[in-house]
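The values are calculated or read from the model by the stated rules, or taken from the named source; none is laboratory data. In this text the structure is predicted, and so the values were computed from the model without any measurement. When we count neighbours, we look across all protein chains shown, and the Cβ atoms used for this are built from the backbone with ideal geometry, even at glycine. Keep in mind that these areas ignore ligands, DNA and RNA; they rest on the heavy atoms of the full protein, side chains included. Shrake-Rupley method; radii C 1.70, N 1.55, O 1.52, S 1.80 Å.
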Amino acid sequence: METHGNNVTDLRSTTHRRIIMFPLPFQGHINPMLQLANILHTHGFKITIIHAEYNSPNSSNYPHFTFYSIKDRFSEIADQLATNRDATFFLKYLNESCVHPFKNCLAGLLAEPGDETVACLITDAGFYFTQAVADELKLPRIVLRTSSLGCVLAYDALPWHSKKDCFHLSKEDSDYEASVPEYPLLKFKEIVKITTNPQGMGEFVTNILDQMKASSGIIWNTFKELEETDLQTITQHFQVPSFTLGPFHKYFPASSSSLIEQDRTILSWLDKQPPKSVVYVSFGSVAHITESEFQEVAHALANIGLPFLWVVRPGMVIGSEWLESLPEKFEERMGDRGRIVKWSPQQEVLAHPATGCFWTHNGWNSTLESVCEGVPMICSPCFVDQPVNARYVSDAWKIGVFLEDGFERVGIETAIKRVMMDKEGEEMRERITCLKKTVNVSLDKGGSSFQSLNNLVDYISSF
Ligand code: UDP
């Protein structure tokens, strides 16, 4: 896997300024925040991470940072994660439960005597309450938005508060397959997936966008060339500076912020597979699927006859601990052709020459990681920003196939064949290989991400 750490100027001895960072406690948010922390540390800033108790990062992997844990009371609701699909329920809770502990912690840090000054606070956009705290404590707040630019524009446009209930359409409704007028890239059948609580989601989105607009700047984990038109629109919508210096994970070798232990034994299994032959399947750290969907995936993988690597996170299948609901004789049929693991070193898997396609839920990190390694995708979005990312992948960038009919074995087999065996798949691979090259150019000296990082460092240094 190619990384771009050598392009980072090491200024460690030239500044003593500190940045305080506060990630949202979920894998897809912790990874980019800690990657960004490493990037800024390499540019000479000292780093303090304030974090929730829930999903707390492993501080021993970051001896160069200072960590403070705050009491989030998330354990009181964490058992609902497998059954409650309303993400805003958890996010709203955290935006209330963290206010006082966060404010006390931050005020305490600002009052500490020391030889360095705090330059700014960088918080996940999902922690919208932090803008008021930063204002009160007179500290500039920069937002890290871990989703795509396209997702923010779609969220801004969608009719959350419409009287017409477009978020609960069913297959029988005539509009189900139609494009959403407010954001024509999306169809109604996707926006029904985004949330089960449009009212709550609308309020959450409004809070996030308002507090992004009130911030001192926005950092995006994307690169300009991928989302150029959307970047122009964003720059018009948000009057604060935007910095597109991603993809963050390309600055360093594979990340160490994984909350689950990565099974590295599969790398030697991958070494034995032919080039571009393996179907890699993973639905990220929070998505859940039903037992019957799980069985359809298993049947499709057994039928397709290609090598596969399947990440089944414990608890991912609703009602199962791990693999209890696999179809009978599945492991026999799979033999050495397939591997199931609890969690993989995903960036290395995607960078491996044997990996042929990525069947993904299209979390933004997974999507970017696939783009960076030139691996075409099969898109099975579950909720929140995933349906938006998936439409960009399949319809805008044309680097993947959208699994239109959900988890159903014949449809899955057809989608895998389209990507792995058809001319259409070859064309997708060519397009995503071009994007991979563009990523590398953008991170190299003089490229757009390289330049944006320099601008960010200058900007923070000016506070
Ligand atoms: N990931 C991993 N091993 C796995 C599956 C995922 O290390 O087996 C990492 C992946 O590389 C990515 C993150 O977990 O950085 C998942 O983030 P994403 O935004 O794709 O999805 P989320 O988990 O937030 O739904």
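Based on this model, can you work out whether P159 counts as farther than 30 Å from I19 by Cβ and open to solvent by 40 Å² or more (accessible area, probe 1.4 Å)?
no
Per the listing S282, S256, the residue uniquely within 16 Å of the ligand (Cβ to nearest atom) and buried (at least 19 other Cβ atoms within 10 Å of the Cβ) is S282.
Quick one: would you say L231 is free of Cβ contacts under 8 Å to residues at least 24 places away in the same chain and in contact with a helix residue (DSSP H, G or I) (Cβ under 9 Å, 6 or more places away or on another chain)? Here the answer is no, as L231 does not meet what is asked.
Considering only region 285-296, state which residues are of a type in the set (V, I, T) and either part of a helix (DSSP H, G or I) or open to solvent by 10 Å² or more (accessible area, probe 1.4 Å) (or both).
Listed by number, the residues that qualify are V286, T290.
Collect the residues in region 349-384 that are near the ligand (Cβ under 9 Å from one of its atoms), in a helix (DSSP H, G or I) and of a type outside the set (F, W, Y), keeping them in residue-number order. Hits for region 349-384 are V349, L350, N365, S366, T367, L368, E369. Of all residues in region 297-323, those being surrounded by 20 or more Cβ atoms within 10 Å (Cβ to Cβ), away from the ligand (no atom under 16 Å from the Cβ) and under 26 Å from I194 (Cβ atoms) number 1.
Go through L209, L153, L169, L149 for me and flag whichever is within 16 Å of the ligand (Cβ to nearest atom) and either in contact (Cβ under 8 Å) with a residue 12 or more places away in the chain or of a type outside the set (S, T, Y) (or both).
Among L209, L153, L169, L149, only L149 is within 16 Å of the ligand (Cβ to nearest atom) and either in contact (Cβ under 8 Å) with a residue 12 or more places away in the chain or of a type outside the set (S, T, Y) (or both).
As a summary of the residue check, I218 satisfies the conditions (1) outside any strand (DSSP E or B); (2) away from the ligand (no atom under 16 Å from the Cβ) except for the one numbered (1).
Taking the criterion of being within 16 Å of the ligand (Cβ to nearest atom) and more than 16 Å from I50 (Cα to Cα), the residues of region 111-146 that qualify are R145, T146.
Looking across region 350-371, the residues that are in contact with a helix residue (DSSP H, G or I) (Cβ under 7 Å, 6 or more places away or on another chain) and aliphatic (A, V, I, L, M) come down to L350, A351, A354, V371. Of all residues in region 367-397, those satisfying the criterion of being in contact with a Gly (Cβ under 6 Å, 6 or more places away or on another chain) and open to solvent by 10 Å² or more (accessible area, probe 1.4 Å) are Y392, S394. For region 90-138, a residue qualifies if it is among the acidic types (D, E) and out of contact with any helix residue (DSSP H, G or I) (no Cβ under 6 Å at 6 or more places or on another chain), and the qualifying residues are E96, E112, D115, E116, D135, E136. Does E96 satisfy the criteria of being over 24 Å from the mean Cα position of the chain (by Cα) and surrounded by fewer than 14 Cβ atoms within 10 Å (Cβ to Cβ)? When the stated conditions are applied, E96 does not pass them. For region 329-347, filtered to residues that are near the ligand (Cβ under 8 Å from one of its atoms) and not in a loop (DSSP other than H, G, I, E, B), the residue that is surrounded by the fewest Cβ atoms within 10 Å (Cβ to Cβ) is V341. When residues in region 41-53 are screened for being within 15 Å of F22 (Cα to Cα) and surrounded by 19 or more Cβ atoms within 10 Å (Cβ to Cβ), 7 of them pass. Filtering region 20-38 for residues that are over 20 Å from S285 (Cβ atoms), surrounded by fewer than 17 Cβ atoms within 10 Å (Cβ to Cβ), more than 20 Å from the chain's Cα centre (by Cα) and among the hydrophobic types (A, V, I, L, M, F, W, C) leaves an empty set. Taking first residues from region 57-73 that are closer than 21 Å to Y93 by Cβ and partners that are modelled with pLDDT of 95 or more and among the aromatic types (F, W, Y), the Cβ contacts under 8 Å between residues at least 6 apart in sequence or on separate chains come to P57/F67; I70/F102; D72/Y54.
Among the residues of region 250-273, just one is touching a strand residue (DSSP E or B) at 6+ places or on another chain (Cβ under 7 Å) and assigned to a loop (DSSP other than H, G, I, E, B), namely D263. Of I39, I70, all but one fail to be away from the ligand (no atom under 16 Å from the Cβ) and touching a helix residue (DSSP H, G or I) at 6+ places or on another chain (Cβ under 7 Å); the exception is I70.
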